[in-house]
Amino acid sequence: MHTKSKGCFSYLENKMEEWIEKIEILLPEVQQYVLSLQEKNGVLLKQIEELNQELQQAQQQKNLYEQKYNALKVTQALLGSDETKAEAKLKINRLIREIEQCIVQLSQN
């Protein structure tokens, strides 16, 4: 029985040595693969950062264009579609008078 367990131990020892050799052979490949993944990850993170910056700039530009568009809408609403410049000035003057009247009323209270 003692010889049998010695043979089993020897078999296990040989298998462990085989596995260790295989691990030692594969370890550099795995390390290289990890390094290449880290490099790719770095490149992808940089691309994400650049795309986020581009997105932020595009959003700022969109906001600016929205502000300009809204200002144009207000201007067109004041001018009207078929009114002349003189009529637009009269309309603006009337609005100014109304605002002045409101200020006077507020100052009296």
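Below are the figures for this structure:
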item	result
Acute angle (nearest 10 degrees) that the helix 2-79 long axis makes with the longest principal axis of the chain, alpha-carbon atoms	10 degrees
Separation of the N14 and A88 label points, Cα + 7 Å toward Cβ, nm	9.9 nm
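Every number in this text was worked out from the coordinates using simple rules, so none of it is lab data. Predicted, not measured: the structure shown is a model, and the values here were computed from it. Every residue, glycine as well, gets a Cβ built from its backbone with ideal geometry; the counts of neighbours run over all protein chains shown.
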